[in-house]
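The values are calculated or read from the model by the stated rules, or taken from the named source; none is laboratory data. Predicted, not measured: the structure shown is a model, and the values here were computed from it. Glycine also receives a Cβ, built like all others from the backbone with ideal geometry; neighbour counts cover every protein chain displayed. Just so you know, the surface numbers come from the protein's heavy atoms only, side chains and all, with ligands and any DNA or RNA stripped out. Shrake-Rupley method; radii C 1.70, N 1.55, O 1.52, S 1.80 Å.
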Amino acid sequence: MKQLLLITTFLLTCLAGSGQEIYSCKGPKISFFSSAPMEDISAVSDRGVSAINIKTKAIYFKVHMNSFQFKKALMQEHFNENYVESEKFPFAEYKGKYAEDVDFSKNGTYPVNVEGTLNLHGVERSYKGKGTITVRDGKFNVNSKFNVTVADHKIKIPTLVVKNIAEVVEVTVNADYQPVTK
Amino acid sequence: MLQIRMLTALLLVAPAVMAQDDLSKMFGKDSVSRQPVIATFKSTRVINAQSNETLKKGELDFRVAHRFGDLAGGDGGAKTFFGMDNSSDIRIAFEYGITDRLMVGVSRAKGSGNFSQLYEALGKFKILQQTTDNSMPLGVTVFGNAVVTSMKSSTEEPDASYFDKFSSRMTYTGQIILSRKFGNILSLAVLPTYIHRNRVVFMDQNDMFAVGVGGRLRFSKRLALVVDYFLPFREQASKDYFEGRGTKFYNPLGVGLEIETGGHVFSVNFTNTTAILENQFIPETTSTWKEGQFRWGFNISRRFSLGGK
């Protein structure tokens, strides 16, 4: 029985220990921009969620498509209704990993290579990209930019409005992480 | 001892599971799954009926609606190019979104019925929005307008257009729009309506209730079938009186195709009613589909975003 107790205690400590490896961000700033002959399109969401496990180097992002705010209300409606079909595919989800070793105990800016899978519009695509991790006093910031080709995710643009919408969209991610406290 | 062994096994597995564990599990089902349902209808009108939709904050909607003359019957056919030579009603409107839920507007309509030369002021407010998780299964929107005629007063006192005082020129609509989008294809609206006309002819009704239904069936991303229908509750005595004098009232029915292209929503429709405003087409429709008294019409809506968010 004593052993059991010991093991249980160890188990609990172990769980708590693994918790400190995980850092999360509520409300990463995810934006996209595209330049088309007729008009530039940009939208931003700060209602997503993200987490990073600094031991396994795993990165995770999830954002509700409905939460992207556009300058024009009608554009936002078209984006959700006709292009990304938010009712059918409510979320975009990213699961990836960064390659480099980052010393999270030392302040500084670390460039990293990131590789992962983006699920957008129900279609998974793998992406490779670059980003930076900026460590400051036990917290850190992640910044990354990558290009998404809308056709890769089976997002159809009708010929009628092809001049209004770009085929490649630049996505920018900026998130501040804090350790997860249980 | 077995217990301990099992626990040890669990202990060894647990961190491994934790390490491999999907970070996605941290967030699970979060609050963002409840969202208002968008694009129940593509425009603030179905055809003649209001839809649950309002303009978004800072949006200006320039609307033109046109109803031609009778397509067939005594006044239609080839000699009027199937009604195209005549216009029974024309409405030009500017409508504006004050918030994402409240819109106001002004319009000028030719008018068809007792009055012509109409000016309308309107307001529409979304009280409740249907949500994607069905915690709110219906949308509830209210609409109201006040319409004044600027036509010259008749000199004959029994006429509806004999205006002894300014208030005789006014008519009003009050309406509740209950709406629901079923999946991605079908949207329906039910519209309990109250019309008040300050001045009517003998045996007509100042107050009239009606119930309307509107629907939209999506064929593709850009094309939809739209239908609306109203059932006005006119008293039998009033119906009989007017029928005795050769005027029969009919229920307005509209059927149309709605095409959306970016900022434009365009609908081509057929209606038996000649008028465009609720204040007239609900109580004063005297034309029927059966005698060729239906017409081509179109609605055009062009939305502009004024200022950013």
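So the values come out like this:
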quantity: Residue count for the stretch A:77-91, restricted to those that are surrounded by fewer than 19 Cβ atoms within 10 Å (Cβ to Cβ) and within 16 Å of B:Asp61 (Cβ to Cβ); calculated: 1
quantity: Test for B:Val226: is it open to solvent by 20 Å² or more (accessible area, probe 1.4 Å), touching a residue at least 60 places away in the same chain (Cβ under 8 Å) and touching a strand residue (DSSP E or B) at 6+ places or on another chain (Cβ under 6 Å); calculated: no
quantity: Tally of residues being in contact (Cβ under 8 Å) with a residue 24 or more places away in the chain and in a strand (DSSP E or B) across the stretch A:27-57; calculated: 17
quantity: Per-region count, the stretch B:105-115, residues closer than 21 Å to B:Asn299 by Cβ, open to solvent by less than 60 Å² (accessible area, probe 1.4 Å) and in contact with a strand residue (DSSP E or B) (Cβ under 7 Å, 6 or more places away or on another chain); calculated: 5
quantity: Residue in the stretch A:19-40 that is facing chain B (nearest Cβ under 8 Å) and either surrounded by fewer than 17 Cβ atoms within 10 Å (Cβ to Cβ) or within 19 Å of A:Leu118 (Cα to Cα) (or both) present; calculated: yes
quantity: Out of B:Asn279, B:Asn272, sole residue that is touching a helix residue (DSSP H, G or I) at 6+ places or on another chain (Cβ under 6 Å) and open to solvent by less than 10 Å² (accessible area, probe 1.4 Å); calculated: B:Asn272
quantity: Counted residues, the stretch A:144-173 - those being open to solvent by 60 Å² or more (accessible area, probe 1.4 Å) and modelled with pLDDT of 85 or more; calculated: 6
quantity: Residues satisfying the stated conditions in the stretch B:98-121, i.e. assigned to a strand (DSSP E or B) and among the hydroxyl-bearing types (Ser, Thr, Tyr); calculated: B:Ser107, B:Tyr119
quantity: Any hit, the stretch A:93-104, residues being in contact with a helix residue (DSSP H, G or I) (Cβ under 8 Å, 6 or more places away or on another chain) and either within 12 Å of chain B (Cβ to nearest Cβ) or open to solvent by 10 Å² or more (accessible area, probe 1.4 Å) (or both); calculated: yes
quantity: Residue list for the stretch B:46-103, filter: among the β-branched types (Val, Ile, Thr) and open to solvent by 20 Å² or more (accessible area, probe 1.4 Å); calculated: B:Val64, B:Ile90, B:Ile92, B:Ile98, B:Thr99
quantity: Qualifying residues in the stretch A:46-66 (those that are at the interface with another protein chain (Cβ under 7 Å from one of its Cβ atoms) and more than 20 Å from A:Glu115 (Cβ to Cβ)) - the one most open to solvent (accessible area, probe 1.4 Å); calculated: A:Arg47
quantity: Residues of the stretch B:45-74 that turn out to be in contact with a strand residue (DSSP E or B) (Cβ under 9 Å, 6 or more places away or on another chain) and either aliphatic (A, V, I, L, M) or assigned to a strand (DSSP E or B) (or both), as a count; calculated: 17
